[in-house]
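**Q** Mind looking over this structure? Questions follow.
The numbers here are math on the coordinates, done by the rules we state, and not lab data. Just so it is clear, the structure is predicted and the values come from calculations on it, not from any experiment. When we count neighbours, we look across all protein chains shown, and the Cβ atoms used for this are built from the backbone with ideal geometry, even at glycine.
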């Protein structure tokens, strides 16, 4: 059972990572809107947003793996 306990801990951590990734994405989207409204180049900010989204996808994949390990 220690493995299940460890996986549950990983699940909690995974949830935190996914929530933080979503917060970061929202902030980056808001930054892009402000930059665009000010007439600034948004290419770098949009590129970073893409990296944040890819990171979220990775965290979501990792989360599914943990859930699979916890399944009976």
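**Q** Can you report the number of residues in region 41-72 which are over 10 Å from the mean Cα position of the chain (by Cα), over 16 Å from residue 26 (Cβ atoms) and assigned to a helix (DSSP H, G or I)?
**A** 13
**Q** If you don't mind, there's one more thing I want to ask. Being exposed (fewer than 10 other Cβ atoms within 10 Å of the Cβ) and under 30 Å from residue 65 (Cα atoms): is that true of residue 9 here?
**A** No, not satisfied.
**Q** Return a yes/no flag: does region 18-28 have any residue that is over 30 Å from residue 69 (Cβ atoms), part of a helix (DSSP H, G or I) and free of Cβ contacts under 8 Å to residues at least 24 places away in the same chain. Working first, answer last.
**A** To start, the set of residues in region 18-28 that are over 30 Å from residue 69 (Cβ atoms) comprises 27-28.
Retained after the next criterion (residues that are part of a helix (DSSP H, G or I)): 27-28.
Checking which are free of Cβ contacts under 8 Å to residues at least 24 places away in the same chain leaves us with 27.
Checked against the condition, which is being over 30 Å from residue 69 (Cβ atoms), part of a helix (DSSP H, G or I) and free of Cβ contacts under 8 Å to residues at least 24 places away in the same chain, region 18-28 yields at least one hit.
**Q** Further question on the same structure: Any idea which residue in region 29-40 is surrounded by the most Cβ atoms within 10 Å (Cβ to Cβ), counting only those that are free of Cβ contacts under 8 Å to residues at least 12 places away in the same chain and part of a helix (DSSP H, G or I)?
**A** The qualifying residue surrounded by the most Cβ atoms within 10 Å (Cβ to Cβ) is 35.
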